[in-house]
Amino acid sequence: MKSYSVKELLSSNLSLQEVTVKGWVKTFRSNRFIALNDGSTLNNIQCVLDFENFDEILLKQVSTGAALEVSGTLVESQGRGQSVEIQVKELKVLGTSDPDTYPIQPKKHSLEFLREKAHLRVRTNTFAAVMRVRSTLSFAIHKYFQDNGFYNVHTPIITGSDAEGAGEMFRVSTLDQKNPPLTEEGEIDFKQDFFGKETNLTVSGQLEAETFAMALGKVYTFGPTFRAENSNTSRHLAEFWMIEPEVAFNDLDANMDLAEDFIKNVINYILENCDEDLQFLEKRLLDEEKTKPQAERSDMALIEKLKFVAENNFKRVSYTEAIDILKNCKPNKKKKFQYIIEEWGADLQSEHERYLVEKHFNCPVILFDYPADIKAFYMRLNEDGKTVRAMDILFPGIGEIVGGSQREERLDVLKEKVAALGIDEKELWWYLDLRKFGTATHSGFGLGFERLVLFATGMGNIRDVIPFPRTPQNAEF
Ligand code: 4AD
């Protein structure tokens, strides 16, 4: 008998054919109806059996979570809720599941509880739907770039440079931690370490991607990045995935156009390819929102929100304009913000970003031309000498989802910046070389993949959109 996935069976017209399917029991009702799921789709296949034809001991083993192989005839379903079902002729229990200790019972579990069972939570409908959407988004991202003439670059995970200059890096070392070799000055002697220098896990593949853009033209990285920032929020992870395109000859406007087109394209892709899961996640979100006070509920349902972003222009606003709006807005004047905006130059916090997106403009916003002092060293200095060609994209419910810029391509200006920040030029010699040999305007950005998945699935906490989250004090699994 031919083996099929549940998805194939549910979407087939194989009626009256003999089929085999393998999966896990979701529920077993009345000693007669098994709802079987194999992860290929949100929906279960109903397997109907006549208990008199099966051994009692075998049927006792059919409990939630058990792995089964079921064979029988695929027929039109008599019951409601499914078009086809299997009339079971043969049943094999491939792996039992102790009903008394199996944590994923057919009832609602809190997301917090499931985080402690991260190895099993993908067996729930919610996590399976989120992870399928995540996988499809990942594919859509590669497809977008490959269809548009970009080359994928695998930038290194272990690096000797701090691209963002924030110093929030995880050290990579094989030195004896209890008794490291010391220099004459009493400092740790990294010359004796594995790489002969201090190395860390990368915070961004950008600097290396730039070297490739200056040869291959249009490139992108899509890899894990690591930040040892002690941010215990629903938007931060210590290990997250970032997509970083880098394009030679693009200025900031072209960079904004690319980012907007890219995001709209991948959202359209999941709208076209993940309908079932998105509808389920939309319903989940609506149920969750019912428990919140009216004022905190979102005005749009999930799919409507995704379509809104895919169909409408993002609002482009300079940092200076944004500061004017924020300085004069009600929550700032009434001191409702935790951080009051007093003057130009202030770093925007997520409360400010969300005010702009959710209250003022009511659409995704691209902020550009930030003060040089609050941005990374590699961003191109504007003629005014105080702002840089930076851009951040802010999303409703999320805040910053993209950070990018036009890069400083002028060697002398870049060197001055590096010196002013006290960065050792020798550490960046290869990066500076790009400005000596065929330098050109170029731009890129980084999109936090999990923040995109958060937005796409309507989940509220970034820990619930990555298989095994790494956050401060948490690296189980
Ligand atoms: O704004 P960031 O720090 O930009 C860069 O790293 C640049 N080198 C990118 C580039 O121009 N190639 O980070 C980019 C994005 C943020 O907008 C956010 O979406 C995400 O990465 N991000 C995080 N996501 C989850 N957890 C964290 N701790 C994050 N930090 C940044």
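Can E282 be described as in a helix (DSSP H, G or I), modelled with pLDDT of 95 or more, farther than 23 Å from I366 by Cβ and within 12 Å of the ligand (Cβ to nearest atom)? Judged against the criteria, E282 is not a match.
Is at least one residue of the stretch 83-98 open to solvent by less than 70 Å² (accessible area, probe 1.4 Å), at pLDDT 95 or above and of a type in the set (S, T, Y)? Scanning the stretch 83-98 turns up at least one residue that is open to solvent by less than 70 Å² (accessible area, probe 1.4 Å), at pLDDT 95 or above and of a type in the set (S, T, Y).
Only a single criterion out of (1) surrounded by fewer than 19 Cβ atoms within 10 Å (Cβ to Cβ); (2) outside any helix (DSSP H, G or I) is not satisfied by T155, namely (1). Of the residues making up the stretch 154-183, those that are within 16 Å of the ligand (Cβ to nearest atom) and β-branched (V, I, T) are T155, I157, T159. In the set (1) in contact (Cβ under 8 Å) with a residue 24 or more places away in the chain; (2) under 22 Å from A259 (Cα atoms); (3) out of contact with any strand residue (DSSP E or B) (no Cβ under 6 Å at 6 or more places or on another chain), the condition left unmet by E304 is number (1). Residues in the stretch 236-251 that are under 20 Å from V388 (Cβ atoms) and open to solvent by 30 Å² or more (accessible area, probe 1.4 Å) were compared, and the one that is nearest to the ligand (Cβ to nearest atom) is N250. L454 fulfils the conditions (1) touching a Pro at 6+ places or on another chain (Cβ under 9 Å); (2) open to solvent by less than 10 Å² (accessible area, probe 1.4 Å) except for a single criterion, (1). Just one of the listed residues (G186, G196) is more than 8 Å from the ligand (Cβ to nearest atom), touching a helix residue (DSSP H, G or I) at 6+ places or on another chain (Cβ under 8 Å) and more than 28 Å from E409 (Cβ to Cβ), and it is G196.
Checking T225, T211 one by one, the residue that is near the ligand (Cβ under 10 Å from one of its atoms), among the polar types (S, T, N, Q) and either more than 21 Å from the chain's Cα centre (by Cα) or modelled with pLDDT of 95 or more (or both) is T225 and no other. The one condition from (1) in a loop (DSSP other than H, G, I, E, B); (2) open to solvent by 20 Å² or more (accessible area, probe 1.4 Å) that F212 does not meet is (1).
The values are calculated or read from the model by the stated rules, or taken from the named source; none is laboratory data. These numbers were taken from a predicted model, which means no experiment stands behind them. Here Cβ is always computed from backbone atoms with ideal geometry, including for glycine, and neighbour counts include all displayed protein chains. SASA here: full protein model, heavy atoms, side chains in, ligands and nucleic acids out. Shrake-Rupley method; radii C 1.70, N 1.55, O 1.52, S 1.80 Å.
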